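The values are calculated or read from the model by the stated rules, or taken from the named source; none is laboratory data. In this text the structure is predicted, and so the values were computed from the model without any measurement. Don't worry about glycine lacking a Cβ; one is built from the backbone with ideal geometry, like all the others, and counts go over all protein chains shown.
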Amino acid sequence: MPSLEERDLRQLLKHRHTLVQMRTRIKNQLQHIALNQGWQKKRTLWTRSGQEWLKQLELETWTSRRRDDLLQMLEEMNRRIAQLNAAVEQAAAQRPEAVLLMSHPGVGPILALATVLTLGDVSRFPRGKHVASYLGLIPKEASSGQRRRLGAISKQGNSFMRFLLVQAGMSAAQGDAGLGRVYKRLLAQRKHHGVAKVAVARQLVVRLYWMLREKKQYPAVVRMQGSPSHPVAEGKAVALNGRSASRPKQQG
């Protein structure tokens, strides 16, 4: 059972996630205002020059009011999220398990702390595939005779963790050659990018599981010959959104 402190830290992560979602909605509305003026600024809208450009736009009365209110709300969200980010970093730095996980490319304080708090004592999971199943990253199977079809992932378990893993998986694939090859290979096989992203997320969490279980930093666990973590970077795709993929390897 998680302690009161661990439950409270989960609230920290959930609260931050909620504010980030609110900030995203605010940004989407500001982008819509810019698009209505014939401008598609995308990410440049959040630079200092982009913000100044948005403030100087000549708009109708209520559109101007909406723009000003949204900008004020965005500034407040940025301030609050920055405070929560600092709190997460401090909490992660105080937990050796989280510090261990942050040695892996693409894994920051948020995912590291969330993984430690969600998995708890990793010895309760016999193998890495049980962790992936626990988080809903294993595809559902529909068999008929000798034919086996893997459907969409089960999406059971912690949806917040799945979100974090998919996000971090893209950064991890850029920093780790093995995960990067998996992602590129699946795209080359004309798999939907969502399938590739979930496959990388699954393999990433299996790696994190073995790092915690073996108490080894990256890349020591990945290099362990014959380790259940070694084939992680060579696993097959996990299906997403109803698309089928190959059956994952049983290692891990």
Residues in segment 187-227 that are on the phi > 0 side of the Ramachandran plot and not charged (D, E, K, R): how many? 1
Single match in Leu74, Leu117, Leu84, Leu9 (criterion: at pLDDT 95 or above and under 19 Å from Val166 (Cα atoms)): Leu117
Report yes if some residue within segment 19-29 is of a type in the set (Val, Ile, Thr) and over 25 Å from the mean Cα position of the chain (by Cα); otherwise report no. no
Only one of (1) more than 21 Å from Ser171 (Cα to Cα); (2) touching a residue at least 12 places away in the same chain (Cβ under 8 Å); (3) touching an Asp or Glu at 6+ places or on another chain (Cβ under 9 Å) does not apply to His104, and that is (1)
Those residues that are part of a helix (DSSP H, G or I) and of a type in the set (Lys, Arg), I need them from segment 1-42; list them, please. Arg7, Arg10, Lys14, Arg16, Arg23, Arg25, Lys27, Lys42
List the pairs whose first member sits in segment 50-79 and is β-branched (Val, Ile, Thr), whose second member is not in a loop (DSSP other than H, G, I, E, B), and whose Cβ atoms are under 7 Å apart, counting only residues at least 6 apart or on separate chains? Thr63/Ile33
Qualifying residue in segment 96-109 (condition: among the aliphatic types (A, V, I, L, M), farther than 30 Å from Leu179 by Cα and either within 29 Å of the chain's Cα centre (by Cα) or not assigned by TED's automatic domain parsing to the domain that holds Phe163 (or both)): no
The correct count of residues that are buried (at least 18 other Cβ atoms within 10 Å of the Cβ) and either in contact with a Lys or Arg (Cβ under 7 Å, 6 or more places away or on another chain) or modelled with pLDDT of 90 or more (or both) in segment 153-169 is 7
Quick one: which residue in Leu57, Leu70, Leu35, Leu74 is touching a Leu at 6+ places or on another chain (Cβ under 6 Å) and in the same structural domain as Val20 (by TED's automatic domain parsing)? Leu70
Filter result for the condition that a residue is touching a helix residue (DSSP H, G or I) at 6+ places or on another chain (Cβ under 7 Å) and at pLDDT below 95, over Arg202, Arg190, Arg147: Arg202
